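In what follows, a single structure is set out as C-alpha cells and then discussed.
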Amino acid sequence: MADDNMNETISALMDGELDELEMERAIRELHNSPEQRHAWQRYHLIGDALRNNIPAHLDGSFASRVSQAIAD
C-alpha cells in the first residue's frame, strides 16, 4: 500500500470504518511494516492529545516490551 493510502487506512481502522477484509489487510500490513506500526502509534498519540489524555510521562519502549513479552 502507498504511504498516503495506508495512512488513510490506519485512520479508518482506528475509527472502526473498515469492513472485515480491509481490517485484516490493514492489520497484516501493520504487522509487516515497522514504519506503519510507528504511524499507528503516532495516530494514537495524536488522538490522546486531542482528548487531553496524555500522561505526564510517556514510555516509548512500552509497545516494544509488550511485543517482546508476547514473542517470548
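Check whether at least one residue in the range 15-24 is in contact (Cβ under 8 Å) with a residue 12 or more places away in the chain and within 11 Å of the chain's Cα centre (by Cα), and report yes or no. The answer is no, given that none of the residues of the range 15-24 is in contact (Cβ under 8 Å) with a residue 12 or more places away in the chain and within 11 Å of the chain's Cα centre (by Cα). Of the residues making up the range 38-57, just one is over 10 Å from ILE10 (Cβ atoms) and among the basic types (Lys, Arg), namely ARG51.
When the range 7-64 is filtered for residues that are of a type in the set (Gly, Ala, Ser), at negative phi and open to solvent by less than 70 Å² (accessible area, probe 1.4 Å), the ones remaining, listed by number, are SER11, ALA12, ALA26, SER33, ALA39, GLY47, ALA49, SER61, ALA63.
The values are calculated or read from the model by the stated rules, or taken from the named source; none is laboratory data. From a predicted model like this one, the values you see are computed outputs, not experimental measurements. When we count neighbours, we look across all protein chains shown, and the Cβ atoms used for this are built from the backbone with ideal geometry, even at glycine. The accessibility values were calculated without ligands, DNA or RNA, using every heavy atom of the protein model including side chains. Shrake-Rupley method; radii C 1.70, N 1.55, O 1.52, S 1.80 Å.
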